[in-house]
Structures are given as structure tokens and as C-alpha cells.
Amino acid sequence: MLIVLSLLSLIILSATLLPLLRNSHWLVRGFDFPRFQLAVFAILLLVLQYLFLDFNEATAWLLSSIVFLCACYHSWWILPYTRLWPVEVLAAKDNQSERQLSFITANVLTPNRGADKLIKLMHEHQPDVLVTLESDLWWQEQLDVLKDKMPHTISCPLDNLYGMHVYSRLPLDDVEVSFLVEENVPSMHALLKLRTGDWVRVHFLHPAPPSPTENTESKERDAELIIVARSVADSEQATIVTGDLNDVAWSRTTRLFRKLSGLLDPRIGRGMYNTYHVGFPFMRWPLDHLFHSEHFTVQSIQRLPSIGSDHFSLLTRLSYAPRHGSAQNGLEATKEDEVFADDIENAKNVNKNKVPSPGS
């Protein structure tokens, strides 16, 4: 039993230390994802150690100390995404309908044929904007029935798992489909006109993940996030970024995105809202995101029922409240963060001018 518990302790220690490396290989970056699962594993391992180890021996104390520190470390990363943490975004106080703005962010999974389920959700929740990821021409043909009430659209149907579509009740202007890092991975950028007459800069993203079947490293994904973050960093324009970022909320890259952009995460203090994977309840993490500037407060966040995809859709309702929201503060970038971001951008041959100007 000592040998078994020692091996298990070595596994949790390795899984804890690997993400500390600034290595972009998917085998390393993949350990950013299961922080919650690793924390649970470490706690269960502590229980086994308590039951089976002889704590009159120094080895038992050493093993339990290692596992206890690992459990604390992983818990520290995920704690902000629980109700035990103070909220980063204030709850909305203004219920005026003209100030409300809602999004459904849906990775539909290209071969999935559950378009009717998504359309049903659209009729039920009546969001202002729908953004779909992995939508091809078939999905476009099915979802075009929404155009009667959501006539403002952006379309980029692709059959490579990176097609994107936007359907909006509210007017869109300055629309651009960009390929910021990879020639077959689009992003969408536009100005959205609120019912109040104010304009919001919106960015819809779906960078490719680090994986053995796509990009073996995270450089492409990381570079796209850094480019968009820096494009909005010094803007006073109300801004929203949403999509499937193929990264978890607590990873180093997503935290760097928040630091550089100054955008807020409405999930902090409210919950993880894990959207992937639908089929494996214990192996889920938040891959679909919505970040926004301090111009907004949050009405609600909701993970929607399955539409047959491997992702759940995410419904976020915001309230445009610049004065009320000005008291909100997110993360701040350090010089070390800026250097790290420079390294990420320099690792890829990217055109930083491809992101539309944040000005209206």
C-alpha cells in the first residue's frame, strides 16, 4: 500500500508541477484544464493516506504534506469560480429593457444535427445575439429561419470545425471577419448598437486548441487571445469578447488575456459554468466564455440544456450601466506579463493590424 500511495502521490505532484513550465506543448498545457478534478483526486488521496499510512513514520508525513499542498494549490485556482469568492462583476440594479443585452454562445459541433434544439432555445430565451462556433453551411441553412427576428448577421460557414455565425436583433456595423493567426481559423469583429443608441465593440473568437490532432502547441491559440486583448486594452469603448476559447477560465493564458485587456469575468464569485464535455459529467471545464468591460453589470448567467453537441451553450444577460459598473476592477498586468505576452506574439507571424479599431 505504501508503494501504491507513493506512486499516486508522485502522479498528483507531477500534474501540479508540469503547468508551471512555460512550455506550450499540449501535454503540458493540458494540465491547466482539470484543476477541479485534480483537487478532488488529491483530497481523496489524503483520505487514503490517513487510513493506510503509519504516521509514526516520516515517509507518511512527507507524502501527506505533498498531497495536501497539491490540493491547496489546485483549490486556489478554482476557488474564484465558486460562491465562496467575492464577485468581480456587480449584480445589475437597472432592469430597464433598453439597457439589457443578452448573448447565447453555442459551439454546435459541425456533424451534430440538433439545430431544432438550438432554435427552440432561441425562441425560449429570446437573446439579442447568437454566436455559433463550428457551424458550416448546413447549420447556416437551418439557422437562417432566425433572420425574421434577428436580421443582422455575420456568416463564415466552414467545414473544418471553425465555421462561425452571428445572428443579432440589434444593428451591426463595421463588420469584419479576420484570420488573425491561422488562415483557416476565423474570428469576427463588429460594432453592436444598443437600444439606448450606445455602441459596443464585440469580438467573437474560436482559436484552435493545443491537441495531438490539431496544433501540438498552444502558441496559435495564445497569440490570438493576446492580439485581441491588446487591441482593446486602452479603449474607453464598451467591449465584449465571447466564444469558445479552447482554454479554461483559470489558465495562465486566459488570466493573461484578462490582465492585458482589462476585461471582467462575470463568473467569478458565481460559478464555473462548465460547458465541455456534455458526455462526461466528471470531466467538465469552462471552455465557452464571455468577458466584458466595466460598462456592464450582470443580470444572470445560465448553462443551457444540451443541443446534441459536445458543448453546452452559455446564456449571459448583461445590463449596460457605465456609472454603476465603474466601481468594478479586474486583474492588472505586470511588466512580467507584458514580456510574456511579447514572447507569445513573437513566436507567431501575426498581423496585429487585423483587429478592427475599438473606436466607434
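The values are calculated or read from the model by the stated rules, or taken from the named source; none is laboratory data. Here the structure is a predicted model, which is why all the values come from computation and not from measurement. We place every Cβ from the backbone using ideal geometry, glycine too, and count neighbours over all the protein chains shown. Accessible surface areas use protein heavy atoms only, side chains included; no ligands, DNA or RNA. Shrake-Rupley method; radii C 1.70, N 1.55, O 1.52, S 1.80 Å.
Of the residues making up region 220-277, those that are part of a strand (DSSP E or B), more than 17 Å from HIS295 (Cβ to Cβ) and open to solvent by less than 10 Å² (accessible area, probe 1.4 Å) number 2.
For region 310-322, a tally of residues being in a loop (DSSP other than H, G, I, E, B), open to solvent by 10 Å² or more (accessible area, probe 1.4 Å) and not charged (D, E, K, R) returns 2. Could we say that PRO305 is surrounded by fewer than 19 Cβ atoms within 10 Å (Cβ to Cβ), touching a Leu at 6+ places or on another chain (Cβ under 9 Å) and in a loop (DSSP other than H, G, I, E, B) here? When the stated conditions are applied, PRO305 passes them. Filtering region 38-79 to residues that are without any contact (Cβ under 8 Å) to a residue 40 or more places away in the chain, open to solvent by 40 Å² or more (accessible area, probe 1.4 Å) and more than 22 Å from LEU20 (Cβ to Cβ) leaves LEU44, VAL47, TYR50, LEU51, ASP54, PHE55, ASN56, GLU57, ALA58, TRP61. Of all the criteria given as (1) within 22 Å of the chain's Cα centre (by Cα); (2) farther than 29 Å from SER135 by Cβ, the one not satisfied by ALA106 is (2).
Taken together, the residues in region 152-195 that are in a strand (DSSP E or B) and of a type outside the set (Asp, Glu) amount to 21.
Being within 30 Å of SER293 (Cβ to Cβ) and in contact with a Phe, Trp or Tyr (Cβ under 8 Å, 6 or more places away or on another chain) is not true of ILE12.
Taking the criterion of being more than 23 Å from ILE268 (Cα to Cα), open to solvent by 20 Å² or more (accessible area, probe 1.4 Å) and part of a helix (DSSP H, G or I), the residues of region 80-124 that qualify are SER97, GLU98, ASP116, LYS117, ILE119, LYS120, HIS123, GLU124. Evaluated against (1) of a type in the set (Val, Ile, Thr); (2) under 26 Å from GLU332 (Cβ atoms); (3) not in a strand (DSSP E or B), THR213 falls short on exactly one condition, (2). Scanning region 12-22 for residues that are surrounded by fewer than 13 Cβ atoms within 10 Å (Cβ to Cβ) and either assigned to a helix (DSSP H, G or I) or in contact with a strand residue (DSSP E or B) (Cβ under 9 Å, 6 or more places away or on another chain) (or both) gives SER14, LEU17, LEU20. Scanning region 196-210 for residues that are in a loop (DSSP other than H, G, I, E, B) and under 17 Å from the mean Cα position of the chain (by Cα) gives HIS206, PRO207, ALA208, PRO209.
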